[in-house]
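Undergrad: Take a look at this one; I'll ask things after.
The values are calculated or read from the model by the stated rules, or taken from the named source; none is laboratory data. What you see is a predicted model; the values in this text were computed from it and never measured. Here the Cβ positions follow ideal geometry from the backbone for every residue, glycine too, while neighbour counts run over all protein chains shown. The accessibility values were calculated without ligands, DNA or RNA, using every heavy atom of the protein model including side chains. Shrake-Rupley method; radii C 1.70, N 1.55, O 1.52, S 1.80 Å.
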Amino acid sequence: MWTLPVSEIDRLIFEDAPGGDLTTESLGIGARRGRFALAARDPMVLAGVEVAEQMMARMGLKVRLSAASGTRLDPGDPVIEAHGRADALHMIWKSSKNLMESLSGIATATREMVRAVEAAAPGTPVALTRKTFPGSRVLSQLAARAGGGIVHRAGMSETVLIFAEHRAFCADEPLAELAARMRASAPERKIEIEVGSVAEAIAATDAGFDAIQLEKFGVAGMETVIAHARSRARPPLIAAAGGITPDNAGEFVATGIGLVVTSWPYAARPRDFSTTLEPL
């Protein structure tokens, strides 16, 4: 369910009006009644509308949704409508619209990536990373889920993923011993490692890691790693990360990788909504 803690909703509202709405207050129109509505201006996959609903309700507005996050919208499709005091409408309409436009951009780009992957290898998940702008991760990953992606790592506390930067402090420890030590430390978790070469990937496979993330590999390198992994009694999950876009996703997933790891959708341009804000 798409809800955020009240503290987060208040933070989103406060960011745009830390001292209130000076213009509306100065005009003296705050007690008047009005209506606010958003509709899709672009084709898009909608995201963030439930968060916008929470923001509006927090301001005492009566809200009606016409579409849920994850819905494919065409230009003109209605999205959300709110009624109430003019001061509440003016306090919230721009920030909620900006939020939905940015998140719908991420969701739309994620859906594009998912479709490209599905066309070449149905059933291969697209996982969105934690490489988001600081402070925006929860919202960005909610948008990715609306677009059909999954969350790779919500945060560092969630999964065990060993990077080269970790291994620099464990340089003399064999990979098999490292995998066993991590499994003992986190017995309920799968143990994953990121590698930068075919030789490292083969060594990590033989060491017994549960998942191996191939960082910026070419197609030929992926094929070699996957062939070796499949020779094992219990093959690890092979994930591909770095440089994958909808334009080239097909050739990468055709190698047989089990997971696409990407942050590409986070750079998507926002989608556009038309606005109606009028007195009643």
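Undergrad: Cα atoms only, the stretch 98-162: Rg and Dmax in Å?
TA: 12.3, 36
Undergrad: If I model a spin label as a point 7 Å beyond the Cα along the Cα-Cβ vector, how far apart are those points for GLU177 and SER7 in nm?
TA: Result for the modelled spin labels: 4.3 nm.
Undergrad: Given a Förster distance of 22 angstrom, what is the FRET efficiency for THR23 paired with SER136, based on the Cβ-Cβ distance and rounded to 0.05?
TA: 0.25
Undergrad: Using a Förster distance of 25 Å, how high is the FRET efficiency between MET156 and ALA57, based on the Cβ-Cβ distance and rounded to 0.05?
TA: 0.15
Undergrad: What residues of the stretch 121-156 lie in the reach of a label at ALA254, counting those whose backbone N is under 11 Å from a point 7 Å from the Cα along Cα→Cβ?
TA: 121
Undergrad: Using the crude model of +1 on Lys and Arg Cβ and -1 on Asp and Glu Cβ, and no other charge, please compute the dipole size for the stretch 1-143 relative to its Cα centre, in debye to 20.
TA: 120 debye
Undergrad: In the stretch 51-113, if every C-alpha pair distance is counted and binned at 10 Å from zero, what percent goes to each bin?
TA: 20, 51, 24, 5, 0
Undergrad: Counting only heavy atoms of the protein chains, get the accessible area per residue of the stretch 22-152 (1.4 Å probe) and round it to a whole Å² value.
TA: 44 Å²
Undergrad: Sorted by mean Cβ packing within 10 Å, highest first, what order do the peptides 262-270, 150-158 take?
TA: 262-270, 150-158
Undergrad: Which peptide among 12-22, 210-220 comes first, and what is the full order, when sorted by highest mean count of other Cβ atoms within 10 Å?
TA: Packing order, densest peptide first, comes out as 210-220, 12-22.
Undergrad: Determine the relative contact order of the stretch 1-156: mean sequence separation of Cα pairs under 8 Å and six or more apart, normalised by residue count, in whole percent.
TA: 25 percent
Undergrad: Let me ask something else about it. Charges only on Cβ, +1 for Lys and Arg, -1 for Asp and Glu: so what's the dipole of the chain about the Cα centre, in debye to the nearest 20?
TA: 600 debye
Undergrad: Could you tell me which residue out of ALA268, ALA211, THR71 lies farthest along the dipole of the chain toward its positive end? Charges go on the beta carbon: Lys and Arg +1, Asp and Glu -1, centred on the Cα centre.
TA: THR71
Undergrad: So if we plug the beta-carbon distance of THR245 and SER197 into 1/(1 + (r/R0)^6) with R0 = 22 Å, what FRET efficiency do we get, rounded to 0.05?
TA: The pair THR245/SER197 has a calculated efficiency of 0.45.
Undergrad: Any chance you could check the Cα centroid distance between the stretch 114-166 and the stretch 221-280 for me, in angstrom?
TA: Here the two parts' Cα centres lie 9 Å apart.
Undergrad: So for the pair VAL219, THR275, with labels modelled 7 Å out along Cα→Cβ, what separation do we get in nm?
TA: With each label point 7 Å from Cα toward Cβ, the separation is 4.6 nm.
Undergrad: What order do you get for 180-190, 81-91 when each peptide is scored by the mean count of other beta carbon atoms within 10 Å, highest first?
TA: 81-91, 180-190
Undergrad: Also, quick follow-up: If the only charges are +1 at each Lys and Arg Cβ and -1 at each Asp and Glu Cβ, what is the size of the charge dipole of the stretch 43-120 around the Cα centre, to the nearest 20 debye?
TA: Charge dipole of the stretch 43-120: 220 debye, to the nearest 20.
Undergrad: Just the number, please: carbon plus sulfur as a percent of the accessible area of the stretch 176-258, 1.4 Å probe, no ligands or DNA/RNA counted.
TA: Reported share for carbon and sulfur atoms: 50 percent.
Undergrad: Continuing with the same structure: From the Cα gyration tensor of the chain, with a ≥ b ≥ c the square roots of its eigenvalues, which class applies: rounded if a/c is under 1.5, or else prolate if a/b is larger than b/c, or else oblate?
TA: Because a/c hits 1.5 or more and a/b exceeds b/c, the chain counts as prolate.
Undergrad: State the answer as a single residue: which of ILE202, ALA171, PHE252 lies farthest towards the positive end of the charge dipole of the stretch 125-277, with beta carbon charges of +1 for Lys and Arg and -1 for Asp and Glu, about the Cα centre.
TA: Positive-end residue among those listed: PHE252.
Undergrad: Given contacts defined as C-alpha pairs under 8 Å and at least six residues apart, what's the relative contact order of the chain, whole-number percent?
TA: 23 percent
Undergrad: What whole-number value in cubic angstrom gives the convex hull volume per residue for the C-alpha atoms of the stretch 1-107?
TA: Enclosed volume per residue, from the Cα hull, is 95 Å³.
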